[in-house]
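Engineer: The structure under discussion is supplied below as structure tokens; questions concerning it will follow.
Read-outs throughout are calculated quantities, based only on the coordinates presented, and are distinct from any laboratory measurement. Model, not experiment: these values are computed from the prediction. No Cβ is skipped: glycine too gets one built from the backbone with ideal geometry, and neighbour counts run over all protein chains shown.
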Amino acid sequence: MSLRRALVECAVLSLQDSCVLYPCCKGCFSRIDIDSSETRLTCSKCGYSCARELLEYRYRLSVRVARGSCLFGVTIFGNCLNQFFGIHATGLQRFVADKSGYVDALSTSALLVEAVEECFIGKHFIFGIKITENDTEPWLGRPTGSNKMAQLIATQMILPEAADLRGCTVLSYFEEILHKTGEAKHCTTAKAKLQEEPYGQFYTIHKLVVSQMIHFGLLFVFLCLFQDHTVWTALSAPLRPGSSLWD
Ligand SMILES: [Zn+2]
């Protein structure tokens, strides 16, 4: 069966799957089950095994796209997505895991999906799609004979020449969203603290006024004592004949 590749420019409408990376076997690229408690993980397809901490991840981006009035699904795998994510899949997985302390793990995954949507949805890309002789080409608008939306595998994803998305990677969007979330969290905590202490601001002003009053009170007492001391010293000094008390 002959296989050929078609370059098709499409607009990305939505994600078909919110999971954009998976733990992968280095031997056959299949998904590796990480739910076991074993320190070594084994691929059920080819038997490849590796230590849990050396496990690698792989991108799998599945999107619904449109070319004119034709809609179809495209899934693209692997390192050709690195340039759009701004980092390789294993690096992104570690970055996400590190940030799980920043906001909770579920929120971190949701924020990553938000960053992926921000990066791809509504934008145009050229997909290098593998097609066989028997495949219908849904972008030609021919009836597929099925109500199901056609699903295709792309081996390449390219930015059209006119598009300039340099620096707009999933990683940069993710960092920006995390930053905003961190700021929002800080504001919420500060607000909650104020709400926990009703009249908190009043107490702060009150404390300031009292401390100022104490300060001036002490200064006044000190000045009085100083004046008394001068008077006492003057009184206790022996008067010379012809001199007055206040000389
Ligand atoms: Zn394998």
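Engineer: Net charge around VAL116, counting only other residues with Cβ within less than 14 Å of its Cβ (Lys, Arg = +1; Asp, Glu = -1)?
Structural biologist: Local charge sum for VAL116: -3.
Engineer: Please report the net charge: other residues with Cβ closer than 15 Å to the Cβ of THR155, K and R +1, D and E -1.
Structural biologist: +4
Engineer: Can you give the direction-averaged projected area of the convex hull of the alpha-carbon atoms in the stretch 107-159, in nm²?
Structural biologist: 5.4 nm²
Engineer: On to the next question. State, to one decimal in nm, how far the label point of SER36 lies from the label point of LEU13, with both points 7 Å from Cα in the Cβ direction.
Structural biologist: 4.1 nm
Engineer: May I ask you to list the chymotrypsin sites (Phe, Trp or Tyr not before Pro) in the stretch 35-96 that are in a DSSP loop and have at most 16 other Cβ atoms within 10 Å of their Cβ?
Structural biologist: Sparse-neighbourhood loop chymotrypsin sites (Phe, Trp or Tyr not before Pro): TYR48.
Engineer: In 10 Å bins starting at 0, how do the alpha-carbon pair distances of the stretch 3-194 split up by percent?
Structural biologist: 8, 30, 30, 22, 8, 2, 0
Engineer: Something else: Quick one: net charge around ARG58, please, counting Lys, Arg +1 and Asp, Glu -1 for every other residue with C-beta under 13 Å from its C-beta.
Structural biologist: It works out to a net charge of +2.
Engineer: Also, quick follow-up: Say each of LYS130 and ALA51 gets a label point 7 Å from the Cα, pointing the same way as Cα to Cβ; how far apart are those two points in nm?
Structural biologist: 3.4 nm
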